[in-house]
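A.B. asks: What follows is a single structure, and I will ask about it in a moment.
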Amino acid sequence: MRLPWTPAFAGVTMKRTWQKKGRDALLKNIDPLLNADVLAALRAMGHGDRVVLCDTNFPADSVARQTVLGRLLRIDAADCPRAARAILSVMPLDSFVEDAAARMEVVGKPQEIPPVQKEVQQEVDRAEGKSWPMVSIERMAFYEHARKAYCVIASGERRFYGCFIFAKGVIPPDA
């Protein structure tokens, strides 16, 4: 007798249909850096929710525990520009706010823009199809903003000041 909640295929050995000719099948048009946990978080975010993308020096785990998601997500195989490209390939920026893209300021030099930030700026502009200047946030204020974010994604970025916050925008209905 099958219990009402037991799936019809329970006890049946299922073929690995996801594997063809010795290689794993990938999703079309989804950046392979976007693992299942990251995709689920980005999908769950609503308009105006924020995602932190950080370098290896950021206190990612302790800050992530205070976010809406409550746990750290990772894209370890990439630096920040590459991780930003992956994230922004599926997530539009919020056009209703001026701080939809933000960067952590260099301590004592708020006007200085390190190479990692210049490279992420290029990815932001590319993803949005126009110039979209990032705002800067003082280091300690950045930590406070990060704690209020939906989630934190740690990258493999080793350069200093590879810390960013992106606000999720909307995807309009088909015309």
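The values are calculated or read from the model by the stated rules, or taken from the named source; none is laboratory data. As the structure is a computational prediction, the values presented were derived from the model and not from experiment. Because the Cβ atoms are built from the backbone with ideal geometry, glycine has one as well, and the counts that use them run over all protein chains shown.
A.B. asks: Among the residues in the range 41-53, are any closer than 30 Å to Glu144 by Cβ, surrounded by fewer than 17 Cβ atoms within 10 Å (Cβ to Cβ), at pLDDT 95 or above and hydrophobic (A, V, I, L, M, F, W, C)?
C.D. replies: So far as the range 41-53 goes, yes, one or more of its residues are closer than 30 Å to Glu144 by Cβ, surrounded by fewer than 17 Cβ atoms within 10 Å (Cβ to Cβ), at pLDDT 95 or above and hydrophobic (A, V, I, L, M, F, W, C).
A.B. asks: Ok, one more. When you check Gln117 against the structure, is it surrounded by fewer than 20 Cβ atoms within 10 Å (Cβ to Cβ), under 18 Å from Glu157 (Cβ atoms) and at pLDDT 95 or above, yes or no?
C.D. replies: No: the conditions fail for Gln117.
A.B. asks: If the Cβ limit is 8 Å and pairs must be 6+ apart or interchain, which residue in the range 135-157 that is without any contact (Cβ under 8 Å) to a residue 60 or more places away in the chain and farther than 18 Å from Val97 by Cα pairs with which residue that is surrounded by fewer than 21 Cβ atoms within 10 Å (Cβ to Cβ) and not charged (D, E, K, R)?
C.D. replies: Final answer for the pair search is Glu138/Pro110; Arg139/Val107.
A.B. asks: State all residues of the range 41-61 that are more than 16 Å from Arg158 (Cβ to Cβ) and either assigned to a strand (DSSP E or B) or among the aromatic types (Phe, Trp, Tyr) (or both); if no residue qualifies, say none.
C.D. replies: Arg50, Val51, Val52
A.B. asks: Condition (residue is touching a strand residue (DSSP E or B) at 6+ places or on another chain (Cβ under 7 Å), in a loop (DSSP other than H, G, I, E, B), modelled with pLDDT of 95 or more and under 14 Å from Cys163 (Cα atoms)) applied to the range 77-89: is it met by at least one residue?
C.D. replies: Yes; the residues of the range 77-89 include at least one that is touching a strand residue (DSSP E or B) at 6+ places or on another chain (Cβ under 7 Å), in a loop (DSSP other than H, G, I, E, B), modelled with pLDDT of 95 or more and under 14 Å from Cys163 (Cα atoms).
A.B. asks: Of (1) hydrophobic (A, V, I, L, M, F, W, C); (2) under 23 Å from Val63 (Cβ atoms); (3) within 16 Å of the chain's Cα centre (by Cα), Ala127 satisfies all except one. Which?
C.D. replies: (2)
A.B. asks: Same structure again: Which of the residues belonging to the range 127-173 are under 21 Å from Met45 (Cβ atoms) and either among the charged types (D, E, K, R) or modelled with pLDDT under 95 (or both)?
C.D. replies: Glu128, Glu144, Arg147, Lys148, Lys168, Ile171, Pro172, Pro173
A.B. asks: So which residues in the range 159-175 are outside any strand (DSSP E or B), touching a residue at least 40 places away in the same chain (Cβ under 8 Å) and among the charged types (D, E, K, R), if there are any at all?
C.D. replies: Once the filter is applied, which keeps residues that are outside any strand (DSSP E or B), touching a residue at least 40 places away in the same chain (Cβ under 8 Å) and among the charged types (D, E, K, R), the range 159-175 yields only Arg159.
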